[in-house]
Number of protein chains: 2
Amino acid sequence: MNTQNHELKGRKIAILATDGFEQSELTEPKQNLENAGAKVDVLSIHEGKIKGWNKTDWGSSVKVDHLVNEAKPSDYDALVLPGGVMNPDHLRMNKPAISFVREFAQSGKPIAAICHGPQTLIEAGVVKGHTMTSYPSIHTDLMNAGANWVDRAVVTDANFITSRTPDDIPAFSRAITQTILQLSPPLAQAS
Amino acid sequence: MNTQNHELKGRKIAILATDGFEQSELTEPKQNLENAGAKVDVLSIHEGKIKGWNKTDWGSSVKVDHLVNEAKPSDYDALVLPGGVMNPDHLRMNKPAISFVREFAQSGKPIAAICHGPQTLIEAGVVKGHTMTSYPSIHTDLMNAGANWVDRAVVTDANFITSRTPDDIPAFSRAITQTILQLSPPLAQAS
């Protein structure tokens, strides 16, 4: 779409997910960010394809571009963590995935999580003191981890962008773009 | 099976679950406790049947005996919380379910949770200071909630019994029976 004027041209964005990701929470932000001119890589904990979850049952698969243990946070301008009940439940048990998330969060570059995606942020130990939202089922876990949980479509706090459900995807995608433009230097300067 | 000598004869046990319960974690403890002579009721947050999850896909359904908002903790000698990634994720957003769990935990009667089942205990705010186990993916959430998390097949601490995965079900079922016999008076005395 031309409405976003390719404002993310030259930016590289990672989406980290595995089987059970909520389909729309990966494919729609990916499309929105690509429409804005970014190159988007899907990172995962196994090669091949990862299987989406479409609301109440298994959905479509998405091709994995790189294994997360072979990817470098320094290669990306932003990181997106989709939800789905099963996806972050797997990711949070994978040490390279959690190390990648922790290093990215600490780099100060935009890191965006939707629905159950913030479970991975809890596991990485990076939520303390931040204002965040999430799917309501995990709000107690975020508060116990030291986050200030609020019920809003999208919350941006420092380099963290969080949203609640698939309904919030348009606001989530816009906030990712805005935060990249505000916080992350163009790749040409960073490399 | 005759091996357990109907040692739970006259005892009434509630299993609280909803769609997405890990099938074996409901059906096998239920069968084991019924084999030991107990009457077991399945409580849920909707009427009819609840749909099981069998490792990697939807499995068989189980009949709901009572809605949890119409059930009384005082009617039961023990409460069992199966896992499955989706089941406690739904339950923890349901106020009557969480009130039932909290009241049961505080009653001092045996409360047993396996796999992701302890998420419901976190939501009820009853894990602080207790030694517990769980599916490994939620161990950080249990620790953040104040539990002392350990990696063992079954852990009994006061009236709390916890296990990790379907492999632990035999030990889990035995610990439930033992804890009922130790802690909970026969229903004839309680009523």
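Throughout, read-outs are computed from the coordinates displayed, never taken from laboratory work. Just so we're clear, the structure is a prediction, and the values are computed from it rather than from any experiment. With ideal geometry, Cβ positions are generated from the backbone for all residues, glycine too; neighbour counts draw on all protein chains shown.
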Of B:Glu22, B:Glu70, B:Glu123, which has the largest mean-square fluctuation in a 10 Å C-alpha GNM of chain B?
B:Glu70
Defining a contact as two alpha carbons under 8 Å apart and six or more residues distant in sequence, what relative contact order in percent does region B:38-97 show?
33
Just to confirm the numbers: A:Asp65, label point 7 angstrom along the Cα-Cβ line, distances to the other copies in nm, shortest first?
5.3
Relative contact order (%) - chain A, alpha-carbon pairs under 8 angstrom, separation at least six:
20
Diffing region B:6-14: the Karplus 3J(HN,Hα) column from phi (6.51, -1.76, 1.60, θ = phi - 60°), in whole Hz with x for Gly and Pro, holds 6, 5, 9, 4, x, 8, 10, 10, 9
Cα centroids of region A:52-79 and region B:146-186: how far apart, whole angstrom?
37
Taking a crude spin-label model, label points 7 Å out from Cα along the C-beta direction, the B:Asp167 to A:Asp57 distance in nm is 3.2
J(HN,Hα) series, region A:59-73, from Karplus relation 6.51 cos²θ - 1.76 cosθ + 1.60, nearest Hz, glycine and proline x
x, 8, 9, 10, 6, 8, 7, 8, 6, 5, 6, 10, 9, 10, x
Note the distances from B:Met143 to each other copy's matching label point, with points 7 Å along the Cα-to-beta-carbon direction, in nm, sorted shortest first.
2.3
Inter-copy label distances at A:Ala158, 7 Å along the Cα→beta-carbon direction, one decimal in nm, shortest first?
3.5
Can you list the DSSP H helices in chain B whose Cα atoms extend at least 15 Å along the helix axis and whose mean Kyte-Doolittle hydropathy is 0.0 or higher?
B:169-183
Tell me which aspartates and glutamates have Cα within less than 15 Å of B:Lys128's Cα, excluding those fewer than 8 residues away on the same chain?
A:Asp141, B:Asp141, B:Asp157
So if I place +1 on the C-beta of Lys and Arg and -1 on the C-beta of Asp and Glu, and nothing else carries charge, what would the dipole magnitude of region B:1-125 be about its Cα centre? I want it in debye, nearest 20.
180
So for region A:1-52, if I pair up every lysine 8 or more residues apart or on another chain, how many of those pairs have alpha-carbons under 12 Å apart?
4
Could you derive backbone 3J(HN,Hα) for region A:127-133 from the dihedral phi with the Karplus parameters 6.51, -1.76 and 1.60 (θ = phi - 60°), listing whole Hz in sequence and x where the residue is Gly or Pro?
8, 3, x, 9, 8, 8, 10
Label-point separation in nm, A:Asn5 to A:Glu34, each point 7 Å along Cα→Cβ:
2.4
Taking R0 as 25 Å, what's the FRET efficiency between B:Glu47 and A:Arg152 from their Cβ-Cβ distance, rounded to 0.05?
0.15
If you look at just the Cα atoms of chain B, how large are its Rg and its Dmax in Å?
14.8, 44
Please give me, ordered by residue number, the trypsin sites (Lys or Arg not before Pro) of region A:1-99 that lie in loop per DSSP and have at most 12 other Cβ atoms within 10 Å.
A:Lys9, A:Lys55
Square roots of five times the Cα gyration tensor eigenvalues for region B:26-96, Å:
19, 17, 11
So what's Rg/Rh here for the protein assembly as shown, counting alpha carbon atoms and using the Kirkwood radius for Rh?
1.03
Relative contact order (%) - criterion: Cα under 8 Å, at least six apart; region: region A:1-112:
31
